[in-house]
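Enquirer: Can you keep this structure in mind? I'll have questions shortly.
The values are calculated or read from the model by the stated rules, or taken from the named source; none is laboratory data. Since this is a predicted model, take the numbers as computed values, not measurements. We work out accessible area using only protein heavy atoms, side chains counted, and drop any ligands, DNA or RNA first. Shrake-Rupley method; radii C 1.70, N 1.55, O 1.52, S 1.80 Å.
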Amino acid sequence: MKSSQITAFHTALARLAAARFRCTVESDGSTTDESWAAYHFADTSHLTWGAISDTGAENSATHPVSAHRGLSAFLTTGQGDEPQLFDTGDFDRDVAALLAWITDLADTHGVSQQ
């Protein structure tokens, strides 16, 4: 992929930030094409999410919006993890669903000042 192309991951990241949810980009460092994002709520719980390409690559940070398959997310709290999969294949719909979920979660867990 050319560096001038906008990736699905970075587009979703920008949309969440525009809606007041600034996520941190994270990676384990083992693969340059893999990244995921985390949003830390005020109560120390956090939501982690990543993009899935149409080839099935998880936490893909390099595929364009046109190669979007879905978004994988999970909420981690003191009670455990709650997974969610937004996989309609429609990028705008999946990002809107992720944004709706994080907005609902912020009502319970509080908006952080990150």
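Enquirer: Just the number please: accessible area per residue for segment 1-89, 1.4 Å probe, all protein chains included, in Å². Don't jump to the answer; show the numbers that get you there.
Expert: Details: 4810 Å² over 89 residues.
That works out to 54 Å² per residue.
Enquirer: Just the ratio, please: alpha-carbon radius of gyration of the chain over 2.2 N^0.38 Å, N its number of residues. Walk me through the numbers on the way to the answer.
Expert: Working: Rg = 13.5 Å, N = 114, 2.2 N^0.38 = 13.3 Å.
Cα Rg divided by the expected 2.2 N^0.38 Å: 1.01.
Enquirer: Follow-up question, since we're still on this one. How large a share of the accessible area of segment 22-70, in percent, is made up of carbon and sulfur atoms when the probe is 1.4 Å and the other protein chains stay in place?
Expert: 47 percent
Enquirer: Mind pulling the angle between the C-alpha long axis of helix 91-109 and the longest principal axis of the chain? Nearest 10 degrees, somewhere in 0 to 90.
Expert: The helix 91-109 is inclined about 20 degrees to the chain.
Enquirer: Determine ³J(HN,Hα), in whole Hz, for all residues of segment 73-81 in sequence, where each value follows from phi through the Karplus function 6.51 cos²θ - 1.76 cosθ + 1.60 and θ = phi - 60°; x replaces Gly and Pro.
Expert: My calculation for segment 73-81 gives 9, 8, 9, 10, 10, x, 8, x, 9 Hz in order.
Enquirer: Based on a Kirkwood Rh over C-alpha pairs, give the Stokes-Einstein translational diffusion coefficient of segment 65-114 at 25 °C and viscosity 0.890 mPa s in µm²/s.
Expert: Details: Rh = 12.0 Å.
Translational D for this selection: 205 µm²/s.
Enquirer: Amide H to amide H, which residues 5 or more places from D87 or on other chains are under 5 Å from it, using H placed in the peptide plane?
Expert: Here L71 satisfy the definition.
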